[in-house]
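Remarks on the structure that follows.
The values are calculated or read from the model by the stated rules, or taken from the named source; none is laboratory data. Note that the structure is predicted; figures quoted are calculated from it, not measured. Every residue, glycine as well, gets a Cβ built from its backbone with ideal geometry; the counts of neighbours run over all protein chains shown. Only protein heavy atoms, including side chains, enter the accessible area calculation; ligands, DNA and RNA are left aside. Shrake-Rupley method; radii C 1.70, N 1.55, O 1.52, S 1.80 Å.
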Amino acid sequence: MDQTFLAIVFGPCDKCSKNKPLRPVSVKSEQRSYCSLCVEMMATEGLHENETLASLKSEAESLKGKLEEERAKLHDVELHQVAERVEALGQFVMKTRRTLKGHGNKVLCMDWCKDKRRIVSSSQDGKVIVWDSFTTNKEHAVTMPCTWVMACAYAPSGCAIACGGLDNKCSVYPLTFEKNENMAAKKKSVAMHTNYLSACSFTNSDMQILTASGDGTCALWDVESGQLLQSFHGHGADVLCLDLAPSETGNTFVSGGCDKKAMVWDMRSGQCVQSFETHDSDINSVRYYPSGDAFASGSDDATCRLYDLRADREVAIYSKESIIFGASSVDFSLSGRLLFAGYNDYTINVWDVLKGSRVSILFGHENRVSTLRVSPDGTAFCSGSWDHTLRVSAGRLI
């Protein structure tokens, strides 16, 4: 049975008791469900005399400016200056080893299995395919009820996949190797947003999944029950991407969106703990540095940027005057020295993270590169494109 659980609940408000769409609100560490009107009224209840929401907004902007000034005082040196004594990388040569063909339209997302061999991909053709990247064989295929399957993810165990898109849902499919298996019958709809699903990622177990949506929110769900465990409100527009912190006990994740912001969240409290707003356009991709102390972002402003979480600021920009197309996807090499970035001009650029210079450029795709992930063992990476194909590539320094 296909069970669907709504993120937006309709019912009696805990404050006015009227039946309305409800929003989860934390009041003195207690979870309450209030309607939008009551949430707005609560925001104005504590105002002192002569205070208005406009004056408080102005004060908040002033404090924000002061924080930026304090950040700027710490900005005494650039990353590439610190890295001047570091030995430069040699030329980096990449070759396409496998081409995966089978999608009938744009490839929108892909993810590696922890076994370093299997890949899941989703497409505008409404299909989700599990591939063997060694043989290029298709092992599983699911036809979704909608086109534009914009998100897919492999479970840590390798025994399930999650996917979703314009259906506003995140659905989980268990994987078995039975012949003629009916995967659609085993589908479980875990999450539902009020707009398209843009990204999803399992946490460190198969039991919980993080989702991002065009409704401007991220959410953490229990896979078994479909229960909403935590919601994350703070983006002012569509959330386009997310990435979970790499540590085993990782309780933070980063998200990016159409409001040009990258936000770091505490999964336990639901609060935003750090926010960065230096891009000039939508942030399409975010990825943690392997140590978890920094993250990179790729944007429609044709730049990739590196943010240091301990320094609480942007420390590097990866761009060239000749690059005028947006970056759609980013990922680090296993060591963190290289940053792979897929662009809308059909290329993949490889950046030296420390020096800020481009060390290689890979051609081969015949349309924009929409998704890119380095394999779990770091020996290869896979890129998906609007040319309907995925390419598994390997590279080496010479």
On the basis of being touching a residue at least 60 places away in the same chain (Cβ under 8 Å), open to solvent by 40 Å² or more (accessible area, probe 1.4 Å) and within 22 Å of the chain's Cα centre (by Cα), does K106 make the cut? yes
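Among strands (runs of 3 or more DSSP E) lying entirely in the range 85-150, which contain 1 or more residues that are aliphatic (A, V, I, L, M), modelled with pLDDT of 95 or more and out of contact with any Gly (no Cβ under 8 Å at 6 or more places or on another chain)?
On the way: elements: 92-101, 107-112, 118-123, 127-132, 138-143.
Of the strands (runs of 3 or more DSSP E) lying wholly inside the range 85-150, those with at least 1 residues that are aliphatic (A, V, I, L, M), modelled with pLDDT of 95 or more and out of contact with any Gly (no Cβ under 8 Å at 6 or more places or on another chain) span 92-101, 118-123, 127-132.
Restricting to the range 190-208, and then to whatever is closer than 19 Å to P145 by Cβ and β-branched (V, I, T), can you tell me which residue is least open to solvent (accessible area, probe 1.4 Å)?
Applying the filter and picking the extreme gives V190.
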Out of (1) under 30 Å from V128 (Cα atoms); (2) open to solvent by less than 10 Å² (accessible area, probe 1.4 Å); (3) not basic (K, R), the odd one out for L362 is which? (2)
Condition test on H365, is it within 22 Å of the chain's Cα centre (by Cα) and closer than 29 Å to V149 by Cβ? no
State all residues of the range 318-336 that are closer than 15 Å to Y289 by Cα and open to solvent by 50 Å² or more (accessible area, probe 1.4 Å); if no residue qualifies, say none. L334, S335
Across the range 146-168, which residue is farthest from S198 (Cα to Cα) among those that are out of contact with any Asp or Glu (no Cβ under 6 Å at 6 or more places or on another chain) and open to solvent by 40 Å² or more (accessible area, probe 1.4 Å)? C159
From the list L372, L390, L354, L362, which one is touching an Asp or Glu at 6+ places or on another chain (Cβ under 6 Å) and either more than 18 Å from L338 (Cα to Cα) or of a type in the set (A, V, I, L, M, F, W, C) (or both)? L372
Within the range 262-269, identify whether any single residue is among the small types (G, A, S), open to solvent by 10 Å² or more (accessible area, probe 1.4 Å) and within 29 Å of Q31 (Cβ to Cβ), and answer yes or no. yes
Being at pLDDT 95 or above and surrounded by fewer than 19 Cβ atoms within 10 Å (Cβ to Cβ) narrows it down to one of T347, T371, so name that one. T347
Does I324 satisfy the criteria of being farther than 26 Å from S247 by Cα and either in contact with a Ser or Thr (Cβ under 8 Å, 6 or more places away or on another chain) or not hydroxyl-bearing (S, T, Y) (or both)? yes
Answer residue from the range 209-239, given it is of a type in the set (S, T, Y) and over 15 Å from the mean Cα position of the chain (by Cα) and is least open to solvent (accessible area, probe 1.4 Å) among those: S231
Are any of the residues in the range 184-196 in contact with a Leu (Cβ under 7 Å, 6 or more places away or on another chain), free of Cβ contacts under 8 Å to residues at least 60 places away in the same chain and closer than 25 Å to C272 by Cα? yes
Of A327, A302, which residue is aliphatic (A, V, I, L, M) and at positive phi? A302
What pairs come out if I take residues in the range 56-74 that are farther than 22 Å from Y307 by Cβ and pair them with residues that are among the hydrophobic types (A, V, I, L, M, F, W, C) and not in a helix (DSSP H, G or I) whose C-beta lies under 9 Å away, six or more apart or interchain? L56/L47
